[in-house]
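Below: one structure, written as structure tokens.
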Amino acid sequence: MMYRLAENKLNDFLAALAKTEKLYLPVKDDSSGAASNFAANYKEWSEGTEYADCLNTSRSAKDFFFPQTENLFELKMEGKKIEVIDTRKEHEDFIIFGVRACDVQSFAVLDNVYLKQQPVDTYYKNRRDHATIIAMACAKPAQTCFCQNLGIDAANPGSKDGAVDVRGWKKDGSYYFEAVSEKGKALLAKVSACGLAEDAGAEKAVEEAKAAIKAEVAKLPIKMPDNAIFDEKNLKTVFNAKVWGELSETCLACGTCTFVCPTCQCYDIRDFDTGSGIRRYRCWDSCMYSDFTKMSAGQPRLTQLERFRQRFMHKLVYYPSYYNGMSGCVGCGRCLAKCPISMNIVKVAKALSAELENKEGK
């Protein structure tokens, strides 16, 4: 079922959504210092909040399900008695509005790791179960976007391995929404009085919007090399490529690429002495850091080359080979926009591809 909403009714629509559940949406962030296409971040809606219809957010929507820091449990000690306290609370239902196709696909990447392996990560699952996702198609993708190279349809978010509850498009002064899941249908039914109405011409308008988006996407300059080059059968060849040395020399190991990436999933677990007990928490970590997975026996990857290679091998080879060809990258372009030395997964993939093709040609 397709609905139309006049653009001047968007704030009424958002206010109605916020009355049903907590609502988070992209809001302009002038202090971010980011490029214009990423100068927004998710914030909770309140009266007067305006939706920032920019390309994407500076930080991805991953934060809602896999936050940067998260308390796991606490230990209270009295003499030899130790009490384990579960600090989790059932999260209230919430809505995320304006998620782009690349970030929608990132949820599928993370779901494979946290929901489809045993044991299931109950902290992640709890947040996923309570969320309703309203995705918006990209009206004008940025020059740094390359999701189309990875089979992701910017015009139809959630169409490739990613679950959404409602899809939305903007065209000629109107928003169009389609409920995809039962949760999405129930939500739109609750807010229909705010100007949301079925429209006989909605499907035609949406198809025109999709065609316009695909035409824009076709013009994008960034092209990833053939994914077949990174097939599991080429694992050793890619791993032993000479170009890793040259590529890793300029890397600062700052970890920016891993922290803005919507699919990076590594974390560390630490303990904090509260004075009356111990709080155990997890926080994001980066394979680019020298102390990543450091053990009593030492660091398994001693050089920057090894750490640099690990990050890109995981995205391009390891993850796809384990999850039936699904890419560990979603082409959001954040690493292209944020890296201080302009290193990114596309540059790495092209360099590897060129070396492999030269070997095959000899």
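Only Cα pairs within less than 10 Å get springs; with that Gaussian network setup on the chain, which residue of E50, E178, E246 has the largest fluctuation?
E246
Let me know the charge dipole size of the chain about its Cα centre in debye, to the nearest 20, where only the beta-carbon of Lys, Arg (+1) and Asp, Glu (-1) is charged.
Numbers: 50 positive and 48 negative charges, 176 e Å.
I would put it at about 840 debye.
Using R₀ = 35 Å, calculate the FRET efficiency as 1/(1 + (r/R₀)^6) where r is the Cβ-Cβ separation of D199 and E92; round to 0.05. Write out the running numbers ahead of the final one.
Details: r = 32 Å, r/R0 = 0.92.
Efficiency, from the Cβ-Cβ distance: 0.60.
Looking at the chain as a GNM with Cα springs under 10 Å, which of V217, V99, V113 has the largest mean-square fluctuation?
Residue with maximal mean-square fluctuation among V217, V99, V113: V113.
For region 309-362, state which chymotrypsin sites (Phe, Trp or Tyr not before Pro) are in a DSSP loop and have at most 11 other beta carbons lying within 10 Å of their beta carbon. Please list the in-between numbers first.
Working: sites: F312, Y318, Y322, Y323; in loops: Y323.
Passing sites in region 309-362 do not exist.
Could you compute the FRET efficiency for A189 and V84, with r as their C-beta to C-beta distance and R0 at 41 Å, rounded to 0.05? Working shown, then result.
Numbers: r = 43 Å, r/R0 = 1.04.
Calculated transfer efficiency: 0.45.
Can you tell me what the convex hull of the Cα atoms of region 227-361 projects to on average, as an area in nm²?
Values: hull surface 39.8 nm².
Reported value for the Cα convex hull: 10.0 nm².
Please report, to one decimal in angstroms, the Kirkwood hydrodynamic radius of the chain built from all distinct Cα-Cα pairs.
By the Kirkwood definition, the hydrodynamic radius is 22.2 Å.
Given labels modelled 7 Å from the Cα in the Cβ direction, how far is it in nm from L115 to F73?
Between L115 and F73, the simple spin-label model gives 2.5 nm.
Provide the FRET efficiency to the nearest 0.05 for the L235-T122 pair, computing r from the beta carbons and using R0 = 25 Å. Kindly include the intermediate steps, with their values, before the conclusion.
On the way: r = 33 Å, r/R0 = 1.31.
Efficiency computed from Cβ-Cβ geometry: 0.15.
Counting just the Cα atoms, what span does region 103-209 cover along each of its three principal axes? Round to the nearest Å and put the largest first.
Extents along the principal axes, in whole Å: 47, 37, 17.
In region 1-107, what trypsin sites (Lys or Arg not before Pro) fall in a loop by DSSP, with at most 10 other Cβ atoms inside 10 Å?
Working: sites: R4, K9, K19, K22, K28, K43, R59, K62, K76, K80, K81, R88, K89, R100; in loops: R59, K80, R88, K89, R100.
Sites meeting the loop and neighbour criteria: K80, K89.
Which value, in debye to the nearest 20, gives the size of the charge dipole of region 65-150 about its Cα centre, when Lys and Arg are +1 and Asp and Glu are -1 at the Cβ? Display every interim value, and only then the final one.
Values: 11 positive and 12 negative charges, 44 e Å.
With only Lys, Arg, Asp and Glu charged at Cβ, the dipole is about 220 debye.
If amide hydrogens are placed 1.01 Å from N in the peptide plane, which non-local residues have theirs closer than 5 Å to the one on L72?
HN-HN under 5 Å from L72: R280, Y281, R282.
Toward the positive end of the charge dipole of the chain, about the Cα centre and with charges on Cβ (Lys, Arg +1; Asp, Glu -1), which of V180, C138, T303 goes farthest?
T303
What is the spread of the Cα atoms of region 87-128 along each of their three principal axes, largest first, in whole Å?
Over region 87-128, Cα extents along the principal axes are 31, 25, 11 Å.
Where is the GNM fluctuation largest for the chain (alpha-carbon springs, 10 angstrom cutoff): P262, P141, P119?
P119
Convert each backbone phi in region 208-220 into a coupling constant with the Karplus relation 6.51 cos²θ - 1.76 cosθ + 1.60 (shift: θ = phi - 60°), then list the ³J(HN,Hα) values in order as whole Hz, x for Gly and Pro.
5, 5, 4, 4, 5, 5, 5, 5, 5, 4, 4, 8, 4
What is the magnitude of the charge dipole of region 257-362 about its Cα centre, with +1 placed on the Cβ of each Lys and Arg, -1 on the Cβ of each Asp and Glu, and no other charges, expressed in debye to the nearest 20? All intermediate terms of the calculation are to be shown ahead of the outcome.
Values: 16 positive and 9 negative charges, 32 e Å.
That gives region 257-362 a dipole magnitude of about 160 debye.
Can you pull the one-decimal nm distance between simple spin-label points at E182 and A139, each 7 Å off the Cα toward Cβ?
Each label point lies 7 Å from its Cα, and together they span 3.5 nm.
Counting DSSP beta bridges in the chain, what percent are antiparallel, to the nearest 5? Walk me through the numbers on the way to the answer.
Numbers: 39 of 50 bridges.
Percentage antiparallel, nearest 5: 80.
Laboratory data are not the source of any read-out in this text; all were calculated from the coordinates shown. The shown structure was predicted, so the numbers you read here are calculated from the model rather than taken from an experiment. Neighbour counts are summed over all protein chains in view; Cβ atoms, including those assigned to glycine, are modelled from backbone coordinates with ideal geometry.
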